[in-house]
Each structure stands twice: as structure tokens, then as C-alpha cells.
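Worksheet for the structure shown next.
The values are calculated or read from the model by the stated rules, or taken from the named source; none is laboratory data. Not measured: the values here are computed from a predicted model. No Cβ is skipped: glycine too gets one built from the backbone with ideal geometry, and neighbour counts run over all protein chains shown.
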Amino acid sequence: MVNTLHLSPDRVNKISEISMEYYRQMDIANKLPGKQKDTKQKQLMRKKDADMKSLLDKEQYQQYYSREMELRRRDKIVYKGRQPE
């Protein structure tokens, strides 16, 4: 992502912080039962996307978002679990 989006070292650090917090929160959400898990995952994905949008310019965000959507689609196919809408 760093090379494709041409990020400064400062932005790389900020994005890393956002990503690490997102993954920690997703680990917690994955332990919740059914509907609570789905709701929390959707909430976390929306927050991560909003945080990324605030850090990136329009073109960078579009590239990030396209890649993120592809990964989410791939994960849904691989795991065949219930995925956020």
C-alpha cells in the first residue's frame, strides 16, 4: 500500500496505528455472538474507512477503498461466513 499510494513516513505511521487498533477491535468483535458480532464488525469497518478517508487525499482514498473492497469480497468467498453488508 505504501508504494501504490505514495505515502509519507508520517502517514504510514498513522495508517499503521489505525490498522493495528482496527485489528485489535476486530479480534474482540469476533468473540461476540451472532448478530452482535456482525453489527460490531460493520461499525468497525465504517470507522476504519472514515479514519482512512481523513488521512488520504481523494485519489489515494479511492485506491485504498477499491483494494479494501476487493479484499473484503475475497475474504467473504474464502471464509463463506456472514460478512458485513
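Side notes on the structure shown:
- All of 18, 77 fail the test of being part of a helix (DSSP H, G or I), among the hydrophobic types (A, V, I, L, M, F, W, C) and modelled with pLDDT under 90, apart from 77.
- Restricted to the stretch 39-76, and to residues there that are over 21 Å from residue 5 (Cα atoms), exposed (fewer than 14 other Cβ atoms within 10 Å of the Cβ) and not basic (Lys, Arg), the residue that is nearest to the chain's Cα centre (by Cα) is 43.
- Flag for residue 36 being more than 19 Å from residue 66 (Cβ to Cβ), more than 16 Å from the chain's Cα centre (by Cα) and either assigned to a helix (DSSP H, G or I) or free of Cβ contacts under 8 Å to residues at least 40 places away in the same chain (or both): yes
- Pick from the stretch 1-14, criterion surrounded by 15 or more Cβ atoms within 10 Å (Cβ to Cβ) and not basic (Lys, Arg), ranking: farthest from residue 70 (Cα to Cα): 7
- Among residues of the stretch 15-38, those that are touching a helix residue (DSSP H, G or I) at 6+ places or on another chain (Cβ under 9 Å) and surrounded by fewer than 14 Cβ atoms within 10 Å (Cβ to Cβ), counted: 5
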